[in-house]
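The values are calculated or read from the model by the stated rules, or taken from the named source; none is laboratory data. Only a predicted model underlies this, so the values are computations on that prediction, with no experimental measurement involved. Ideal geometry is used to build each Cβ from the backbone, glycine not excepted, and the neighbour counts take in all protein chains shown. To get the accessible areas, we keep the full protein, side chains included, count just its heavy atoms, and leave off ligands, DNA and RNA. Shrake-Rupley method; radii C 1.70, N 1.55, O 1.52, S 1.80 Å.
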Amino acid sequence: VAILPPYMTSTRGNWYKGTADAVLQNINFIECYNPEYLLVLSGDHVYKMNYNWMLREHMANKSDCTIAVVDVPIEEAPRFGIMNLDVSGRITEFEEKPENPKSNKASMGIYIFNWNVLKKELLEDANDKNSKKDFGRDIIPKMLGKGFRMYGYEFKGYWKDVGTIESYWEAHMDAIHPESGLFLHDTSWSIYTRNPTEPPLYASGKAVIRHSMVSEGSAVYGSVSDSVIFYGVRISENACVRNSVILPGSVIGEGAEISYSILAENVVVSENAKIGELPVAGEEKRITVIGKNAKIPAGAVVPAGEIIETETVRSYAIC
């Protein structure tokens, strides 16, 4: 693994102007490997995919570009690049985040390019002053307009774009529901992460833990249900955590109630505070977010959907 931040690749220290520019600035590094194909991935998605299967389809189709495609609910389609495919799987139309999507086939932000083709397109796009230097907004539509062979690879496994607070929360809830397809205990296809050196989970005699994932270094004296608890979290006596995500080092005081919430790192919730609430039947759930290092005073009530001292909570990895 080589980390390639902008200052390592630009003599002027420019930040990446877009997804395509990020690859463009690293052309020299890529050329060192003299690749035939280049696989480009997004970094804010949760999924498990064997890229070899996608590469085989790319080669079989003699494609210049293959885009991984997943079906999404039509109401979520405006968040993504949306495409239409013909019966052979060839892409006939592509729109980036359309207001009125024509289909629900969304780009996963996973691309395989023939490197000689992509290199030429990137260099050409660099000279386009109107370009946003983005794969979805510029490179893909330009290639499609030029008649390149472009195919969709339809992915049927679990995939979640965690670009919103709601989807970040949903991905954690999926992790405790194996039927969702996100099964972290699958030893045949493990997900690796960096684990801290912490003592084992401690659960007191009064602790109640149901249908949850609780990480090492945590101490539970109260109750936890349908939640994901990161490492080093303390949940005090008579405290209740429901349908929530608690990030590392947070402390939940005695008698506090946490429902449908995301707490960032090192949050302190004082005794008898109430954060979030259970959704009313028929109403849309609203996720409450408490930002890093926030301190919620004793007896405070933070209503559903509030964002307090928020940080980009989606930047933290799933437990």
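Computed extension length for residue 62-residue 149: 30.6 nm, one decimal, from 0.36 nm per residue of separation with the Cα-Cα distance subtracted.
Across the range 71-141, counting alpha-carbon atoms alone, Rg and Dmax equal 13.2, 37 Å. To the nearest 10, the accessible area of residue 85 is 40 Å² with a 1.4 Å probe. Farthest toward the dipole's positive end in the chain, which of 289, 98, 213, given Cβ charges of +1 (Lys, Arg) and -1 (Asp, Glu) about the Cα centre? Of 289, 98, 213, it is 98. Here each label is just a point 7 Å from Cα along the line to Cβ, and for residue 197 and residue 300 those points are 3.5 nm apart.
Each eigenvalue of the Cα gyration tensor of the range 99-196, multiplied by 5 and square-rooted, gives one semi-axis; in descending order these are 34, 17, 15 Å. Normalising the average separation of contacting C-alpha pairs (under 8 angstrom, six or more residues apart) by the number of residues puts the relative contact order of the range 13-146 at 32 percent. Largest accessible area first, the residues 32, 240 order themselves as 32, 240 under a 1.4 Å probe with ligands, DNA and RNA left out.
Each residue of the range 183-190 is assigned a 3J(HN,Hα), and the resulting list reads 10, 6, 9, 6, 6, 7, 8, 6 Hz, derived from the Karplus form 6.51 cos²θ - 1.76 cosθ + 1.60 (θ = phi - 60°), x at Gly and Pro. In this view, the solvent-accessible surface of residue 143, computed with a 1.4 Å probe and all protein chains in place, comes to about 0 Å².
Positive contributions from Lys and Arg (+1) and negative ones from Asp and Glu (-1), summed over other residues with Cβ under 11 Å from the Cβ of residue 258, come out at 0. A dipole drawn for the range 106-242 from +1 and -1 charges on Cβ atoms has a positive end, and of 109, 185, 150 the residue lying farthest that way is 150. Fully extending the segment from residue 120 to residue 142 would add 6.7 nm, taking 0.36 nm per residue of separation and subtracting the current Cα-Cα distance.
In this view, the solvent-accessible surface of residue 214, computed with a 1.4 Å probe and all protein chains in place, comes to about 40 Å². Take the Cα of residue 271, step 7 Å along the line toward its Cβ, and report every residue of the range 223-260 whose backbone nitrogen sits under 11 Å from that point. 237, 253-256, by backbone N distance to the label point. Within the same chain, lysines fewer than 8 places from residue 156 are excluded, and of the rest, those with a Cα less than 16 Å from its Cα are 48, 105. Residue ranking by accessible heavy-atom surface, 1.4 Å probe, largest first, among 185, 211, 172, 45 comes out as 185, 211, 45, 172.
Charged side chains reduced to their Cβ positions (Lys and Arg at +1, Asp and Glu at -1) give the range 213-294 a dipole of some 160 debye around its Cα centre. Measuring nothing but how far apart in sequence close Cα pairs (under 8 Å, 6+ apart) lie, relative to its length, the range 169-294 scores a relative contact order of 16 percent. Rg and Dmax over the alpha-carbon atoms of the chain stand at 22.7, 68 Å. Dipole check for the range 151-208: with +1 at the C-beta of Lys and Arg, -1 at the C-beta of Asp and Glu, and the Cα centre as origin, the magnitude is about 240 Debye. Under the rule a/c < 1.5 gives rounded, and otherwise a/b versus b/c splits prolate from oblate, where does the range 209-319 land using the Cα gyration tensor? Rounded is the answer for the range 209-319, as its axis ratio a/c remains below 1.5. Take the Cβ-Cβ distance between residue 187 and residue 104 as r, set R0 to 30 Å, and report the resulting FRET efficiency rounded to the nearest 0.05. Taking R0 as 30 Å, the efficiency between residue 187 and residue 104 is 0.35.
With N the number of residues in the range 4-130, Rg(Cα) / (2.2 N^0.38 Å) evaluates to 1.14. The magnitude of the dipole of the chain, with charges of +1 and -1 set on the Cβ of Lys/Arg and Asp/Glu and taken from the Cα centre, is near 660 debye. Put a dot 7 Å past the Cα of residue 90, heading toward its Cβ, do the same for residue 55, and the two dots end up 2.6 nm apart. Cross-link partners for residue 132 among the lysines, with Cα-Cα distance under 16 Å and sequence neighbours closer than 8 places in the same chain left out: 17, 97, 142.
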